[in-house]
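Trainee: Starting off with a structure, shown below.
The values are calculated or read from the model by the stated rules, or taken from the named source; none is laboratory data. Fair warning: this is a prediction, and the values are worked out from it, not measured in the lab. Cβ placement follows ideal geometry from the backbone for every residue including glycine, while neighbour counts extend to all protein chains displayed. Just so you know, the surface numbers come from the protein's heavy atoms only, side chains and all, with ligands and any DNA or RNA stripped out. Shrake-Rupley method; radii C 1.70, N 1.55, O 1.52, S 1.80 Å.
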Amino acid sequence: MDARQSIWVFGYGSLIWEPGFAFASRQIARLDGYQRSFCMRSIHHRGTVSRPGLVLALDEGQGDCEGVAFEIPARIAEESLEYLRARELISAAYLEARAHISLQDGQRVEAVTYVIDRAHEQYCAGLSLEEQARIIAGAVGGRGPNSEYLFNTAAHLSELGLRDEQLDWLAARVRALGSA
């Protein structure tokens, strides 16, 4: 990392609405080759070991993911990365990656992001949307109800004009089930 340049961080879930670090600018961005998916069991933040929740992860595959890119000034880049690593790598189910993203203003930049480790025991791709909804409706972890995580992410994506049909369906279904 060049200590004289700002860095970019790509957020696709809770980082969109609760980054937890200072940034110089932010804009909508797209990461190709990954999809946002509830494919990680949460045993810390939105669930427990005995009743895991689900959190979003970037799962490699076809398609793309729209989210938010945050530009972090060079002077606070290292401390921001330390914060992100403590938050995102709590159980080692995410891998820190650097990927090229397309910013809404047309620039293409390299960004730090967190992708799922498909070999990790918390990886759980392939759950039906109904099963995801039932898990999310009932799980609570150290940072609160799993449903709150879903509702906040879906609402903030909508506010940004970004559509995620699966998250919208899940939010409606979890509300119908009655969240924890």
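Trainee: Out of region 94-180, which GluC sites (Glu not before Pro) are coil in DSSP terms and have no more than 16 other C-beta atoms within 10 Å?
Mentor: Details: sites: E96, E110, E121, E130, E131, E148, E159, E165; in loops: E121.
Within region 94-180, the qualifying GluC sites (Glu not before Pro) (loop, at most 16 other Cβ atoms within 10 Å) are E121.
Trainee: First compute the accessible area of the chain with a 1.4 Å probe, then give the percent of it belonging to carbon and sulfur atoms.
Mentor: Numbers: 3960 of 8630 Å².
Within the chain, the accessible surface is 46 percent carbon and sulfur.
Trainee: Based only on Cα atoms, what mean projected area does the convex hull of region 69-158 have, in nm²?
Mentor: On the way: hull surface 31.0 nm².
Its average projected convex-hull area is 7.8 nm².
Trainee: Gap in Å between the Cα centre of region 46-64 and the Cα centre of region 82-150?
Mentor: Using only Cα atoms, the two centres lie 6 Å from each other.
Trainee: OK, next. Within the chain, what percent of beta bridges assigned by DSSP are antiparallel, to the nearest 5? Let's see the in-between values first.
Mentor: On the way: 34 of 37 bridges.
Looking only at bridges with both residues in the chain, the antiparallel portion is about 90 percent.
Trainee: With a 1.4 Å probe and every protein chain left in place, tell me how much accessible area D105 has, in Å² to the nearest 10.
Mentor: Taking all protein chains as shown, D105 has close to 90 Å².
Trainee: Based on C-alpha coordinates, I'd like the Rg and Dmax of region 5-113, in Å.
Mentor: For region 5-113, the Cα-based Rg and Dmax read 13.9, 45 Å.
Trainee: Give the accessible surface of the chain per residue, rounded to a whole number of Å², with probe radius 1.4 Å and ligands, DNA and RNA excluded.
Mentor: Each residue of the chain exposes 48 Å² on average to a 1.4 Å probe.
Trainee: Kindly identify region 22-179 as rounded, prolate or oblate by the Cα gyration tensor criterion: order the square roots of the eigenvalues as a ≥ b ≥ c, call it rounded if a/c is under 1.5, otherwise compare a/b with b/c, prolate if a/b is larger, else oblate. Working shown, then result.
Mentor: Numbers: a/c = 1.71, a/b = 1.41, b/c = 1.21.
Because a/c hits 1.5 or more and a/b exceeds b/c, region 22-179 counts as prolate.
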